Structures are given as C-alpha cells and as structure tokens.
Amino acid sequence: MAISIRTHKMLWGRSGNRCAIPGCKRVLYEDETLTDDAALVGEEAHIVARSQDGPRGDSTLTADERDKYDNLVLLCSIHHKVVDDQPFEYTVDKLHKIKSDHLEWVEKNLSPDDDRQKDDEVYAMYIDKWIELAGINEWKGWTSNVFGGGEPQVFVSRYKKLRDLNEYLLARHWPKRYPNLELAFQNFRLILNEFLNVFIKYSQKIGEDENALYTTEKIYKQLRKWDEKEYDRLYRIFEYQVDLVQDLAIELTKAANYICTQIRKNVLPSFRLAEGVLLIETGPDINFSWTTVRLEYPSNDFDEIRYKGLRHLMEDRSNWNYHFGNGISESYFPINYNED
Ligand SMILES: [Zn+2]
Ligand SMILES: [Zn+2]
C-alpha cells in the first residue's frame, strides 16, 4: 500500500509545508508563476525505512505502518539525503524529536489555519475510501468488463464495493467547505446508484468465489419454443439494456473525472496529475480491435447536480459525442396506476 491521500495531507498541512530540520525550515511548496506550474520540492521521508535494509529499516513495524503519518517526516531534498546517509546520527528517536519540535515551531510561528487543515483531512479520508471502493486505480480494467464483449459484466466483489460506496457516500458528514467538491460526490453517487440498479435488473451470477461475476442475462435465449416475434422482442430488450448500462457507465466515468478535477481545485493540486484522466476501453469491433476513449463533461465547474435522472439520461444521450443507445423505455419506470 502506498502513502494515502490523508497521510499526505496531514504531513504537508501540519508541517506548514516546511522542512522539519532546525535551521532549515525551507518552504517546500513553490507557488505557480506565469511560466511554471506549482512545484512540490519536499520529500516524504521515512523515519523507519520502507524496507528492512533501508536507513533505520531494522524494525518490527509492518509495511503498512511504515507508510503511516507517524513514521513520516517532511524534509527538503537535501536534508532527506543527509538523514538517510547518516542513520546513526539521525536515529529513529532523534527524527521523532525533530518532527515534534517542528510541529510546535509551526504552531508558534505560522499561526496555521487549523479548521481548514481539519476539513482537508476529512475530505482526504473520504477521497481515499472513494479511490478504494470505486476502483479508481483500476478503472479502465473493471469497466472494460462493462464496455467489452457486448455483454456487460461486473465481478461480484467489485459490485459489492460499489454498493458499499453508495452507502458510504450517502452517510458522510460533509465539512461544507468546498461545495463544488461535495456536489461532485453527490452527483457521482446518484449515477452510481442508478448504474447498479439498472445493471442488476437483467443480470445473473456465474462462477464461484473470487471469480464470481454478474453478467447481463441473454433473456432471448430463454424461449421454451421457437417464436420469431417473441425472440425479436426479447432480443430488443437485451440490446436496450446493454446500451443503457454502458451509457450509465459513460456518465459514471465523466462524473469520476469531474471529482478528480474538483479534488485538484480544492484539496490537492497534484491529485492524479501523473496518471491523468480516467479512460475506458470499448470493443472488440468487427476487426477485433479495441478503442480507448476519454470521457469528460463539456465544462468543469457546476454549482448544481449534473445528473437529472434516468429518463433525462435516456433522452439526452443522443446528444453526447460518445454513446451507445438512444430513446426512452418505459419498462424502467414504475407504472403510473393513476392514469385510468
Ligand atoms: Zn528516505
Ligand atoms: Zn531542509
């Protein structure tokens, strides 16, 4: 496991973005200028090294514990090299002392915005959970089962995590500091919930244990005796379902990318800059080739929830520059008994 967003946020925020070494205290964050982006010149140094044979690495700490806040100290690149080259001078105890002295120094000299720091750490915790449950780092992989093969599939383990995520996001206490980031999460949750419900409407479980997956039911294959009309009707239902699930996954990808943008704007300017935009892969086409697609909303700041419900999506998707199906199907909505 790598260093989490929350740990990263704690480390930088609490140390005032400065090197902890007495007499250094160098500011490790360079604001953006006209010609350059903002740059991070600080390093998240391990007190006990990440590996057993690294500096101060001989320890009973687990791999996870080594990447936690308590075992990290923010340093400039020069002092990171110094403390790693001189592990007998910079012992575990000495580095812990340097870190706690530095935190006191920050309190005294920088009058940090503690409320904002607290809120940022809360958002960072939610972001870590979102990354894990939504499979953000495996996005192209798990969604390729939805977009590939003409028959949307989701592993049962992933489906459960997505269900958990829906509930997790619904139950959060939001700090209300960054309203557009919070709207981005709400928007994502509404689409996620719709995606999960629509997908499961025609799906069946196949496989066992960690290989178990939900696959879209080929309902037209369930005909007991041959009936061309009925076969065509069922086949159209199946096709409509496949397209709708894929169009919802398109909207979900856009919503996830929009969250990433809002995280960069509000909480962490470097978030997923190296990895880039979440992509999807569709195919195979008649030539057996796959296409990689980039999906984003046309604009990147909304002060309302973008998702306007399933009926609106069914109608609106023909206006998207990339979509699978079109048209409304009433069978996805509860019947209105008041009509007659
Ligand atoms: Zn190091
Ligand atoms: Zn330094």
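Could you say which residue among 108, 99 is over 28 Å from the mean Cα position of the chain (by Cα) and within 16 Å of ligand 2 (Cβ to nearest atom)?
Details: 108 fails: within 16 Å of ligand 2 (Cβ to nearest atom).
Residue meeting the stated conditions: 99.
Has the range 265-281 got at least one residue that is part of a helix (DSSP H, G or I) and in the same structural domain as residue 181 (by TED's automatic domain parsing)?
Yes.
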Exercise for the section: Write out, first by first residue and then by second, each pair whose Cβ atoms fall under 7 Å of each other, whose residues are 6+ apart or on separate chains, and whose first residue, in the range 89-104, is in the same structural domain as residue 47 (by TED's automatic domain parsing) while the second is modelled with pLDDT of 95 or more and in a helix (DSSP H, G or I). Expected result: 90/83; 95/83; 103/14
Problem - In the range 5-31, residue surrounded by the fewest Cβ atoms within 10 Å (Cβ to Cβ) [restricted to those that are within 13 Å of ligand 2 (Cβ to nearest atom) and without any contact (Cβ under 8 Å) to a residue 12 or more places away in the chain] - result: 23
Handout entry: Boolean, residue 245 is surrounded by 15 or more Cβ atoms within 10 Å (Cβ to Cβ) and touching a Pro at 6+ places or on another chain (Cβ under 7 Å)
Key = yes
Problem - Count - residues of the range 267-280 that are surrounded by fewer than 20 Cβ atoms within 10 Å (Cβ to Cβ) and either aliphatic (A, V, I, L, M) or at pLDDT 95 or above (or both) - result: 5
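In this structure, is residue 205 more than 30 Å from residue 303 (Cα to Cα), in a strand (DSSP E or B), assigned by TED's automatic domain parsing to the domain that holds residue 162 and over 24 Å from the mean Cα position of the chain (by Cα)? Don't jump to the end; show me each part of the working.
Values: more than 30 Å from residue 303 (Cα to Cα): yes; in a strand (DSSP E or B): yes; assigned by TED's automatic domain parsing to the domain that holds residue 162: yes; over 24 Å from the mean Cα position of the chain (by Cα): yes.
Yes.
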Exercise for the section: For residues that are touching a residue at least 60 places away in the same chain (Cβ under 8 Å), of a type in the set (A, V, I, L, M, F, W, C) and within 24 Å of residue 139 (Cα to Cα), tally how many sit in the range 208-250. Expected result: 7
Problem - the range 56-77: number of residues that are more than 13 Å from residue 44 (Cβ to Cβ) and free of Cβ contacts under 8 Å to residues at least 40 places away in the same chain - result: 8
Practice task
Identify all residues within the range 42-66 that are more than 12 Å from ligand 1 (Cβ to nearest atom), within 26 Å of the chain's Cα centre (by Cα) and either crowded, with 18+ Cβ neighbours inside 10 Å or among the small types (Gly, Ala, Ser) (or both); write none if there are none.
Solution key: 42, 63
Problem - Of all residues making up the range 66-93, the number that are within 14 Å of ligand 2 (Cβ to nearest atom), within 21 Å of residue 29 (Cβ to Cβ), of a type outside the set (Lys, Arg) and not in a strand (DSSP E or B) - result: 6
Problem - Unmet criterion (only one of (1) touching a Leu at 6+ places or on another chain (Cβ under 6 Å); (2) crowded, with 18+ Cβ neighbours inside 10 Å) for residue 155 - result: (2)
Exercise for the section: Test residue 247 against the criterion of being in contact with a helix residue (DSSP H, G or I) (Cβ under 8 Å, 6 or more places away or on another chain), in the same structural domain as residue 144 (by TED's automatic domain parsing) and not aromatic (Phe, Trp, Tyr), and give yes or no. Expected result: yes
Handout entry: Filtered residues of the range 282-340 (kept if aromatic (Phe, Trp, Tyr) and free of Cβ contacts under 8 Å to residues at least 40 places away in the same chain)
Key = 288, 333, 337
Problem - The listed residue being within 15 Å of ligand 1 (Cβ to nearest atom) and within 32 Å of the chain's Cα centre (by Cα), out of 75, 133 - result: 75
Exercise for the section: Those residues that are over 13 Å from the mean Cα position of the chain (by Cα), over 14 Å from residue 164 (Cα atoms) and in contact (Cβ under 8 Å) with a residue 40 or more places away in the chain, I need them from the range 182-193; list them, please. Expected result: 183, 186, 187, 191
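The values are calculated or read from the model by the stated rules, or taken from the named source; none is laboratory data. Model, not experiment: these values are computed from the prediction. Glycine gets a Cβ as well: all are built from the backbone with ideal geometry, and neighbour counts include every protein chain shown.
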